[in-house]
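To keep things clear, I will list the structure first and then write my remarks on it.
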Amino acid sequence: MRILSGIQPTGDKHLGNYSGGFRQYVETQERGDAFFCIVDLHSITVPYDPAALRSSTLDLAAMLFAVGLDPQRSTVFVQSHVKAHAESAWLLQAVASYGQLGRMTQFKDKGEGKDFVSAGLFTYPVLMAGDILLYQADLVPIGDDQRQHLELARDVAQSFNSRFGETFKLPEGVYPTVGARIMDLQEPTRKMSTTNGTPQGTVRLIDEPDVIRKKFKTAVTDSGREVRRGDDKPGITNLIDILSVATGETREQIEARYADGAGYGQFKGDVGEAVVELLTPIRERYLLLRSDEAELLRLLRTGAEKATATVEPTLRALYDRMGFVQP
Ligand code: ATP
Ligand code: LTN
């Protein structure tokens, strides 16, 4: 069983990334041959600072090991170190259509109202399709926001297979049953994000305990007093999901526990405390791992070597079936 996912080295990673991504990676690494790619090539599709990209790449590597990826089991590597990613992105543009890419909601969301929209922001899903298809991945653990991109990767695989012959496996997305889309604490109708959310409504995995407590205390709630889920209660629904992710309790158990009318203040305090408990050991491990850059680079180099060898046969097949003369 082959597993692959990608994570952008932009901004500090947050509770949504943990919930929709990281905790699933740690689970799926037990189920097979797992690859986790720090997708630096994706991060240049919006305006960015080169120095920040360099340090965020190492920050993210340290964070992936801190949340529990085991370098003995999982292959963690940097996308730009494995040249096949950039190559496949170009080749697969032959089978991805302009119309298909124009329907991607992330392109619309990230591009809307901006002075400069890079061509890369538009073709980004093709790079992602290459990331997945090169590895012949069976499973792709992701959050809900990546559903449309995964569908596109499957469409690209199908178009390629029917035009040039059977080459790619069709990957399946794996989404958590709770917490696939964690919302901003200040604006619970938009997803939590360091690049597109509110600073006060985004819980960073490296926030100090008091900062986390304060973010939950000031979280926006809904009218009424009952701690229960509902379309009319986006704030409380989100906090129930977060508490469930942090403690492992089901959402029904949480609702039952607060049915005696504890009130929002008490509830928000409890969610904050549970998140502090979840994140404190992660933050401590992160700080330790981040302080040894030489070791991080060594792990990433080993990862890139394994990834390069893994994708080589598929990359060759791609060139060959498309009619390129082999050197
Ligand atoms: P950001 O929006 O902060 O820039 P991103 O979506 O660009 O983050 P990545 O860091 O590449 O981010 O995402 C890693 C994983 O986290 C992906 O699988 C993505 O689906 C998931 N993810 C991102 N935001 C959320 C969220 N708010 N809730 C649940 N999962 C999320
Ligand atoms: N587009 C994703 C990151 C990403 C990815 C991938 C996820 C790039 N390549 C391959 C899964 C598989 C995002 O913005 N979160």
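The values are calculated or read from the model by the stated rules, or taken from the named source; none is laboratory data. None of the values given here were measured: they were computed from a predicted structure. Here the Cβ is made from the backbone with ideal geometry for all residues, glycine too, and neighbour counts use every protein chain on show. Heavy atoms of the whole protein, side chains included, go into the accessibility calculation; ligands, DNA and RNA do not. Shrake-Rupley method; radii C 1.70, N 1.55, O 1.52, S 1.80 Å.
Summary of computed values
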quantity: Matching residues, region 180-197, being over 11 Å from ASP145 (Cβ atoms), within 15 Å of ligand 2 (Cβ to nearest atom) and crowded, with 20+ Cβ neighbours inside 10 Å; calculated: GLY197
quantity: Answer from THR195, THR202 - the residue that is in contact with a strand residue (DSSP E or B) (Cβ under 6 Å, 6 or more places away or on another chain), over 15 Å from PHE22 (Cα atoms) and within 14 Å of ligand 1 (Cβ to nearest atom); calculated: THR202
quantity: Among the candidates ALA52, ALA62, residue that is crowded, with 17+ Cβ neighbours inside 10 Å and either over 14 Å from the mean Cα position of the chain (by Cα) or charged (D, E, K, R) (or both); calculated: ALA62
quantity: Residue among LYS233, LYS214 that alone is under 29 Å from THR10 (Cα atoms) and of a type in the set (Lys, Arg); calculated: LYS214
quantity: Given (1) touching a helix residue (DSSP H, G or I) at 6+ places or on another chain (Cβ under 9 Å); (2) within 13 Å of ligand 2 (Cβ to nearest atom), index of the condition GLN100 fails; calculated: (2)
quantity: Test result for VAL39, within 13 Å of the chain's Cα centre (by Cα) and either surrounded by fewer than 24 Cβ atoms within 10 Å (Cβ to Cβ) or within 7 Å of ligand 1 (Cβ to nearest atom) (or both); calculated: yes
quantity: Candidates GLY6, GLY16 - the one that is in a strand (DSSP E or B) and within 22 Å of GLY173 (Cα to Cα); calculated: GLY6
quantity: Complete set of residues in region 54-80 that are out of contact with any strand residue (DSSP E or B) (no Cβ under 9 Å at 6 or more places or on another chain), among the basic types (Lys, Arg) and outside any helix (DSSP H, G or I); calculated: none
quantity: Flag for GLY303 being at pLDDT 95 or above and touching a Pro at 6+ places or on another chain (Cβ under 6 Å); calculated: no
quantity: Test for SER19: is it more than 10 Å from ligand 2 (Cβ to nearest atom), open to solvent by 40 Å² or more (accessible area, probe 1.4 Å) and either within 20 Å of LEU299 (Cα to Cα) or under 12 Å from the mean Cα position of the chain (by Cα) (or both); calculated: no
quantity: Count - residues of region 299-325 that are without any contact (Cβ under 8 Å) to a residue 12 or more places away in the chain and either part of a helix (DSSP H, G or I) or in contact with a Phe, Trp or Tyr (Cβ under 7 Å, 6 or more places away or on another chain) (or both); calculated: 5
quantity: First in region 33-53 and in contact (Cβ under 8 Å) with a residue 40 or more places away in the chain and assigned to a helix (DSSP H, G or I), second anywhere and surrounded by fewer than 16 Cβ atoms within 10 Å (Cβ to Cβ) and hydroxyl-bearing (Ser, Thr, Tyr), Cβ under 7 Å, 6 or more apart; calculated: THR45/SER118
quantity: Residue satisfying all of: in region 22-36; over 17 Å from SER244 (Cα atoms) and away from ligand 2 (no atom under 11 Å from the Cβ); surrounded by the fewest Cβ atoms within 10 Å (Cβ to Cβ) among these; calculated: GLU30
quantity: Helices (runs of 4 or more DSSP H) wholly inside region 203-296 containing at least 3 residues that are surrounded by fewer than 15 Cβ atoms within 10 Å (Cβ to Cβ); calculated: 209-217, 251-257, 264-290
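Listed here are the residues, each with its yes/no results for (1) at pLDDT 95 or above; (2) closer than 25 Å to ALA294 by Cα; (3) within 13 Å of ligand 2 (Cβ to nearest atom); (4) of a type in the set (Lys, Arg).
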residue: VAL46; (1), (2), (3), (4): no, no, yes, no
residue: LEU53; (1), (2), (3), (4): yes, yes, no, no
residue: GLY68; (1), (2), (3), (4): yes, yes, no, no
residue: VAL76; (1), (2), (3), (4): yes, yes, no, no
residue: GLY113; (1), (2), (3), (4): no, no, no, no
residue: PHE122; (1), (2), (3), (4): yes, no, no, no
residue: PRO125; (1), (2), (3), (4): yes, no, yes, no
residue: MET128; (1), (2), (3), (4): yes, no, yes, no
